[in-house]
Amino acid sequence: MANYYDIDDIIMEQQLVPVVFQKAVNGVEIDPSAETDYVEAGSKVELPLWLAYELHLKQVVKMKVPACFNHRTKLELGADGAAVDLRSRCLYFYEFGCKIAPLIGDRDMGSFLLSAFRTRYQQILAKAHNAAFTAPSKLLSFLTKEETNLYEAAQSSMAAFKKWRIGGPRFERASVLGRKRKSTD
Amino acid sequence: MYGTNAIQLVKEIANGEKGQLTAFSSNLFKDVIAECSQHYEDLQKSLRKMQEAGIDFQTQNEDHYGFLIHHLSLLRNKRCLMTYMHSRAEMLRNLIWKVGYEIPEEIEEKLNHTEKEYFKKHSEALRSYMSRVELHLDMDMVPPKDPYIKVRVLDDMGEVQLPSFNTANFAQHSMHFLKRTDAEKYISLGKMEELTG
């Protein structure tokens, strides 16, 4: 299990998963379409992963494939991985996929995610170095969280290298204080 | 839906700029805690109901699964609350190394009173440790080429007593040739900048 305090992991677990209730549940307001606090067996609800995961293990619900891993996405990623907008589908595409693959019994998920990541990885690194220090390109709006981190790591390593070569002031204003204020006069 | 307030709290940290403290959202924080108590009350209520009906609560009926969902939501809320405090505490600890033992005003007003207390105690602990090992751990790690540096004053500070027992008049835009150790604090607070070349 990931670190308890891992912010990314927590947000990833908020991803909604479509589930079908196998058993009736009493005393909870889960189903937005139901008027009472009773959920009947067979009702279809979208639950966040943190809830669906445990309930699935206890066989209270059965998970279905989430929309971001549908057939169409797979086809698009297979055609030209680097041009697909994964951010709008799921910000934590890879982590979510890894977590959910054993639950929905999808054996091809692993190799599918790997090949998608591989084709996109190449593009990200190339662009991070070439487009360095210009305005954030359109590319950034397509990237998942993981890929954005990669992109930023590549850029900051370039910046650090340049600083090392050219040199600069050793002391700087602490970054915690935020951006520089405007001069008072 | 359960846990939506809690995730807002965590997202606040995630969406903020890296390493930047945001104001403590006490309202949202209270809401999440209220939600927790609500879950607890619901649990108690249905437990009592089952006891009155004489059903063992291990029986896997619909109430049992209701318990489970309330229980999981409680744990989830707890995780979010803990993470919120934990990552803010971490930022505070980093703050000491960067700006020293006094919290700048613009950051202090963003803190919850327990956090202020925490900052104070942590810096005390750090200071007493450093005096015990007789090492200034908060100094710059790279040995300087020159013990003196040239600086320009950005904020008008007037007459200032320096740690090296000199006084200097730091008027805005004035330039000074200072001992490196004296200048460090002001640079990291953004009141001076180092001049190179």
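General remarks:
- Condition check for B:Asn27: more than 11 Å from chain A (Cβ to nearest Cβ), surrounded by 17 or more Cβ atoms within 10 Å (Cβ to Cβ) and either over 27 Å from the mean Cα position of the chain (by Cα) or among the polar types (S, T, N, Q) (or both): no
- Considering residues of region A:40-72 that are in a strand (DSSP E or B) and either at the interface with chain B (Cβ under 8 Å from one of its Cβ atoms) or open to solvent by 30 Å² or more (accessible area, probe 1.4 Å) (or both) only, the residue nearest to B:His39 (Cα to Cα): A:Pro48
- Of residues in region B:97-114 being touching a residue at least 40 places away in the same chain (Cβ under 8 Å) and within 12 Å of another protein chain (Cβ to nearest Cβ), the one farthest from B:Val10 (Cα to Cα): B:Gly100
- Filtered residues of region A:73-93 (kept if open to solvent by less than 60 Å² (accessible area, probe 1.4 Å) and among the hydroxyl-bearing types (Ser, Thr, Tyr)): A:Thr73, A:Tyr92
- Single match in B:Ile55, B:Ile103 (criterion: assigned by TED's automatic domain parsing to the domain that holds B:Ala23 and closer than 30 Å to B:Thr181 by Cβ): B:Ile103
- Top-ranked residue in region B:115-137 [being open to solvent by less than 60 Å² (accessible area, probe 1.4 Å) and touching a residue at least 24 places away in the same chain (Cβ under 8 Å); ranked as farthest from B:Ile103 (Cα to Cα)]: B:Leu126
- A single member of A:Asp85, A:Asp37, A:Asp80, A:Asp108 is within 28 Å of B:Leu75 (Cα to Cα) and either away from chain B (no Cβ under 14 Å) or of a type in the set (D, E, K, R) (or both), and it is A:Asp37.
- Selection over region A:5-25 of residues that are at the interface with another protein chain (Cβ under 7 Å from one of its Cβ atoms) and crowded, with 17+ Cβ neighbours inside 10 Å gives a count of 7.
- Among the conditions (1) at pLDDT 90 or above; (2) more than 7 Å from every other protein chain (Cβ to nearest Cβ), B:Arg76 misses just one, which is (2).
- Within this structure, B:Ala171 passes the test of being over 25 Å from B:His136 (Cβ atoms) and of a type in the set (Gly, Ala, Ser).
- Unmet criterion (only one of (1) over 28 Å from the mean Cα position of the chain (by Cα); (2) within 12 Å of chain A (Cβ to nearest Cβ); (3) open to solvent by 100 Å² or more (accessible area, probe 1.4 Å); (4) touching a residue at least 12 places away in the same chain (Cβ under 8 Å)) for B:Lys185: (1)
- Of all residues making up region B:154-181, the number that are away from chain A (no Cβ under 12 Å) and open to solvent by less than 80 Å² (accessible area, probe 1.4 Å): 10
- Test: A:Glu29 is within 11 Å of chain B (Cβ to nearest Cβ), open to solvent by 70 Å² or more (accessible area, probe 1.4 Å), touching a strand residue (DSSP E or B) at 6+ places or on another chain (Cβ under 8 Å) and charged (D, E, K, R): no
- Against the conditions (1) at the interface with chain A (Cβ under 9 Å from one of its Cβ atoms); (2) open to solvent by less than 70 Å² (accessible area, probe 1.4 Å), B:Met82 satisfies every one except (2).
- Filtered residues of region A:88-133 (kept if farther than 17 Å from A:Arg72 by Cα and not in a helix (DSSP H, G or I)): A:Leu91, A:Tyr92, A:Gly105, A:Arg107, A:Ala131, A:Ala132, A:Phe133
- B:Ser37 on the phi < 0 side of the Ramachandran plot, among the hydroxyl-bearing types (Ser, Thr, Tyr) and open to solvent by 40 Å² or more (accessible area, probe 1.4 Å): yes
- Count - residues of region A:1-28 that are among the β-branched types (Val, Ile, Thr) and in a helix (DSSP H, G or I): 3
The values are calculated or read from the model by the stated rules, or taken from the named source; none is laboratory data. This structure is a prediction, so every number in the text was calculated from the model and none was measured. Virtual Cβ from ideal backbone geometry, glycine too; neighbours counted across all protein chains shown. In case anyone asks, the SASA skips ligands and DNA or RNA and just uses the protein heavy atoms, side chains included. Shrake-Rupley method; radii C 1.70, N 1.55, O 1.52, S 1.80 Å.
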